[in-house]
Structures are given as C-alpha cells and as structure tokens.
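For reference, the structure is listed below as structure tokens.
Each value in this text was obtained by applying a stated rule to the coordinates, not by laboratory testing. On a predicted model such as this, the values are computed, not experimentally measured, just so you know. Cβ placement follows ideal geometry from the backbone for every residue including glycine, while neighbour counts extend to all protein chains displayed.
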Amino acid sequence: KQIVTASRDKSARVWDAITGREIATIKGHEHEVRSAAFSPDGTRVVTASWDKTARLWDATTGRQLAVMENGSSGMASADFSLDGTRILTATRDRIACIWDATSGHRITLLEGHDNLISSAAFSPDCTRVLTASNDGSACLWDATSGAIITALKGHEKGVRHAAFSLDGTRIV
C-alpha cells in the first residue's frame with residue numbers, strides 16, 4: 001500500500017502506492033540516503049546513509065525513533081528481519097551489524113570481508129545473514145553468533161547484491 005524512496009537529497013519519502021500522494025518526508029541525514037526499507041508491519045522505516053548512520057523512523061509522521069551509528073564509515077544498506085525485531089546494516093568499512101529494531105542498540109558485528117559490503121540480507125527464517133562485498137565474495141553468517149558459515153567466492157570483481165530464495169534454500 002506504500003512505497004518508500006531513498007534520495008541523494010538527504011531524504012527518504014513515503015508514498016501512497018495507489019494515488020502517488022506523498023505521506024511523509026523523512027529528513028535528518030547529513031549525506032545522501034543510500035537505502036530505505038519498511039518494517040514488516042509497515043509502521044516504521046529504516047534508512048542508511050553515507051553520514052555513518054542508519055536511522056529508524058515512524059512511517060506515518062517521519063519522526064525519528066532511533067539512530068544507529070557506525071562511527072567509522074558510511075552505511076550502504078539497512079533492512080529489517082522478517083520478524084521485525086532486528087535491523088541489518090552493511091558498511092563501507094567491511095562490517096555488517098545487527099541492531100535491535102526497537103532500541104537501536106547494536107547486537108552483533110559481522111567481520112571478515114576484505115572490502116566494502118554493498119548489501120546484506122536476513123534469511124527468511126532470520127537465522128542467517130547474507131552479505132555481498134566488493135572483495136568479490138558473498139558470505140553466509142550465523143545471525144546469532146556472527147560467525148561465518150561459508151564464503152562464496154568466484155567472482156573476479158565486486159559482488160553488488162546477493163539474495164535468498166523465498167524458502168531460504170538457495171542464494172543468488
């Protein structure tokens with residue numbers, strides 16, 4: 001019913017998918033917004049920015065609810081787990097982070113790539129994480145411990161995106 005967009009103008013916007021009417025403007029980042037995603041219930045939006053933060057927002061009002069700070073590098077992407085309890089971010093400094101989706105506190109660090117992480121996603125059952133990196137690999141991680149399960153190597157250049165199949169049994 002709604003669409004969220006991320007922009008180089010440092011904002012995200014929530015739109016009505018039927019009428020195209022703007023519902024909320026989300027402002028607060030100091031640099032371009034690299035990604036924006038809805039929570040599974042559609043009540044919140046998470047954004048990621050080169051300003052070294054991911055931010056949690058109310059999807060109706062655009063009010064900021066929490067800030068997740070990386071500290072050392074910009075964030076390339078942010079997304080919710082399908083159960084809505086956690087947020088996953090990918091950073092330019094080779095780290096993915098899992099955060100509590102209510103408080104914004106960091107839960108787990110995923111470290112092991114040799115270059116920036118361009119995307120990260122939870123498995124449908126929320127037990128694993130998949131990251132894609134400019135180091136030419138994708139990595140599968142345990143979402144609780146942060147340990148690498150396996151590294152998928154073979155690309156000669158950076159991997160921009162990796163995704164799970166809907167049943168979680170395949171990776172592309």
Stick to Cα atoms and the Kirkwood definition of Rh, then tell me Rg/Rh for the chain. 0.96
Return the whole-Å distance between the Cα centroid of the stretch 1-66 and the Cα centroid of the stretch 111-138. 23
Which links in Lys1/Lys27; Lys52/Lys157; Lys27/Lys157; Lys52/Lys153; Lys10/Lys157 stretch past 32 Å when you go from one Cα to the other? Lys27/Lys157
Trypsin sites (Lys or Arg not before Pro) within the stretch 12-79, DSSP loop, no more than 10 other Cβ atoms inside 10 Å: Arg21
What are the trypsin sites (Lys or Arg not before Pro) within the stretch 67-111 that DSSP puts in a loop, where the Cβ has at most 10 other Cβ atoms within 10 Å? none
Candidates Thr61, Thr91, Thr131: whichever shows maximal mean-square fluctuation once the chain is modelled as a Gaussian network with Cα springs under 10 Å: Thr61
Taking Rh as the Kirkwood radius, which is the inverse of the mean 1/r over Cα pairs, what is the Rg/Rh value for the stretch 1-61? 0.95
Percentage of Cα-Cα pair distances in the stretch 75-172 greater than 15 Å, rounded to whole percent? 54
Test of the criteria: in the stretch 18-121, which GluC sites (Glu not before Pro) are in a DSSP loop and have at most 12 other Cβ atoms within 10 angstrom of their Cβ? Glu30
